[in-house]
Amino acid sequence: MDPFELLKADHRKVEQLFTELESATGKKKLDVFAQIRMELELHAQIEEKIFYPALEEPKETHELALEAYEEHAVVKDLLKQLGRARSADEEWEAQAKVLQENVEHHVQEEENELFEKAESALEEEELEQLGERMAAEKEKKQSSAGKASKKSSKKSGTSKSASKGASRSTAAKRTGGSKKSSKKSSKSSGSKSRSKKSAAKKR
Ligand SMILES: [Fe+2]
């Protein structure tokens with residue numbers, strides 16, 4: 001399976017959900033957000049578990065892969081904060097917009113830079129295998145998430161936040177060893193670090 005097609009299909013789905021979010025009102029807005037959260041968390045999980053580790057090794061993709069972990073951490077943090085809301089007030093809307101902008105930036109960087117470099121850095125067979133593994137992992141997670149939500153529909157999302165915490169600390173560990181490269185990458189990409197900052201301010 002083509003890993004890029006798989007990830008791009010996820011990206012298009014989330015874009016569509018963000019469009020729905022804009023026009024939704026009242027409780028429907030939070031429902032659409034819950035869907036966005038589920039999609040993004042699943043997508044981030046398979047990328048962090050399978051795709052990014054394979055891209056950390058090659059020189060061409062090393063920096064972008066480390067940067068991608070950091071961008072995921074920012075997005076996951078925003079998802080967590082937005083997920084706490086009982087209703088979508090003005091502040092929530094503003095934060096949701098920041099989430100959307102961060103996701104859009106990340107998607108563009110992946111599709112316009114990372115995927116291209118990954119294609120030249122890795123063998124075709126290796127890419128194919130990554131695609132297969134990501135598709136399988138996604139299916140596994142989707143079916144176990146379905147079972148879990150049936151089991152604990154009364155408890156709201158405690159297991160989710162626990163697993164998120166774990167994946168964040170993995171990302172932090174990974175980047176911890178390469179401060180030089182992440183510094184460099186934040187310098188070279190002014191517009192992104194600005195959007196990260198605005199996300200951080202919100203916190
Ligand atoms: Fe990603």
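Values quoted throughout were computed directly from the atomic coordinates according to the rules given, and no laboratory measurement underlies them. Small disclaimer: the values here were computed from a predicted structure and weren't measured.
Building the convex hull from the alpha-carbon atoms of region 66-128 and averaging its projection over directions returns 5.2 nm². Per-residue Karplus couplings for region 58-73, computed as 6.51 cos²θ - 1.76 cosθ + 1.60 with θ equal to phi - 60°, are listed in order as x, 3, 4, 10, 3, 4, 4, 5, 5, 5, 5, 4, 5, 5, 4, 4 Hz, Gly and Pro entered as x.
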